[in-house]
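Some notes on the structure that comes next.
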Amino acid sequence: MSKETVKKTCGGRPRRTSVKSESACRLRAVSVGCGGRAQAHIKAMLESGVVDLLAVCDLDEARLKATAERFQIAKTYRDLGEMIQKEKPELVDIVTPPTIRTSIVEPAVRAGAPAILIEKPIALKPSETRKLVELGRDRLIAVNTQYQWKPHWKRFWPILEKGGLGEVRVIRASTLANILEQAPHTLDLAMKAARLSGLPEPQWCLAGASGLEHFGQIPVPADVTATFGMGEVRLQINHGPSAPPVPGETVKWYHIQVDVLGSRGRLWVSLNQGWALWRSGKFESGKTEWGKNDGEAQSALYVHLRDTLHGGNIREFPTRVEIAARNSDLMMACYASALGGGRVQLPIPLSDDVVDRLKGLGSSTASA
Ligand SMILES: NC(=O)c1ccc[n+]([C@@H]2O[C@H](COP(=O)([O-])OP(=O)(O)OC[C@H]3O[C@@H](n4cnc5c(N)ncnc54)[C@H](O)[C@@H]3O)[C@@H](O)[C@H]2O)c1
């Protein structure tokens, strides 16, 4: 078969294509932010084989230059609006901190970004979550909760969808980091497991919180433990120092685990210390490895984005902002419950006041 008539997959659909038109199968992207996380994004874009990275942008000249040199990217910009208008990308990948999430997505939309990928956490306050959902009404805003594209999770999703664990009764998710830092990942996995298992959306939340950390000036509870009711099923999350450690793990940031318990089996997955699957009397286990799995997942996310933006349905992208917003609301419902609300019914109307009132968590005194 000649190269001109080789069968290719583009946008999820097999088709005959010429070598010349292969470039039409690639996703034209630009990247905003050249910090730590952007390095992993750019590496994965280039390794995915489906992305043409047209240009990179950063306000910081030294970071911009170092990143462009490292990945041999010819075009650099200091202004993201100018980059979007000149390069006309299909995807704008924004890898900046959450303190400037909405304030950077807005100008990208104004400059004409047709689709945007943002990092987690999507928002630090309920009003920011609402704003992002509004900005995503007529374009794809996807969220970089890439864990669900890890090879092991890609294998587990169909098992859960086919009821491989029987009736799911409890889902547990935990990390030693604060809720906004890591629950965007763990809740993304736990809620996807719940949906595939046919469970209803959470109907209530009962949470406790203690201590205070900050993103810039914005407070976040240092520790949250919460139970969500989904019919008869319970989702339990624990984020902060009171979370159970992952056996064998030595790095604080790697103490991330999700556990799905059903009537016929159990699936336990850790970030970096392996996974285990018990199903109908059989047992399997496998390795997980943060660096390797992260690169694989990040590349697979770009392939999925390319397929979606080249003919798929943007409303079906698994980490679109509406889904991430529902998870963000669950996190902030924990605040409302912990701040004296007791067991709160969901969905609960949330205002930014719930974040301002967290400041009280830092002022408690211990008594003997
Ligand atoms: N998904 C994951 O597994 C994962 C892992 C690590 C970090 N993150 C997330 O990635 C995000 C970024 O983290 P980071 O550590 O790379 O941040 P960082 O602060 O190291 O880098 C951000 C960069 O953005 C640049 N920037 C800020 N405003 C800009 C603007 N208007 N235009 C152009 N550039 C601008 C800054 O100069 C900086 O170089 C955070 O939300 C973080 O939580 C996600």
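Readers should treat all values here as calculations from the given coordinates under stated rules, not as data from a laboratory. None of these values were measured; they are calculated from a predicted model. Backbone-built Cβ (ideal geometry, glycine too); neighbour counts: all protein chains shown.
Structure summary
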| item | result |
| --- | --- |
| Sequence-distant residues sharing a close amide H with L212 (under 5 Å, placed H) | A222 |
| Distance cut-off 15 Å, percentage of C-alpha pairs in the range 231-312 lying past it | 69 |
| Karplus 3J(HN,Hα) series, Hz, for the range 251-259 with 6.51 cos²θ - 1.76 cosθ + 1.60 (x for Gly, Pro) | 9, 3, 5, 8, 7, 10, 8, 10, 9 |
| For A111, distant residues with modelled amide H under 5 Å away | none |
| The range 282-368: trypsin sites (Lys or Arg not before Pro) in DSSP loop, at most 14 other beta carbons within 10 Å | K287, R343 |
| Amide H partners (placed H, <5 Å) of R169, local residues excluded | L261, G262, S263 |
| Range of Cα positions in the chain per principal axis (Å), largest first | 72, 50, 38 |
| Debye-sum result for the range 20-146 in log10 I(q)/I(0), which assumes one identical scatterer on each alpha carbon, at q = 0.22 Å⁻¹ | -1.38 |
| Bridge type composition, the chain - antiparallel percent by DSSP, nearest 5 | 65 |
| Radius of gyration and Dmax over the Cα atoms of the range 170-233, both given in Å | 13.0, 39 |
| The chain: calculated mean residue ellipticity at 222 nm from DSSP helix runs of at least 4, using -39500 (n - 2.57) | -10000 deg cm²/dmol |
| Whole-number percent relative contact order across the range 20-146, with pairs defined as alpha carbons under 8 Å at least 6 apart | 22 |
| GluC sites (Glu not before Pro) restricted to DSSP loop in the range 181-254 with at most 16 other C-beta within 10 Å | E232 |
| Links that overshoot a 27 Å alpha carbon limit, given the list K43/K154; K131/K359; K86/K125 | K86/K125 |
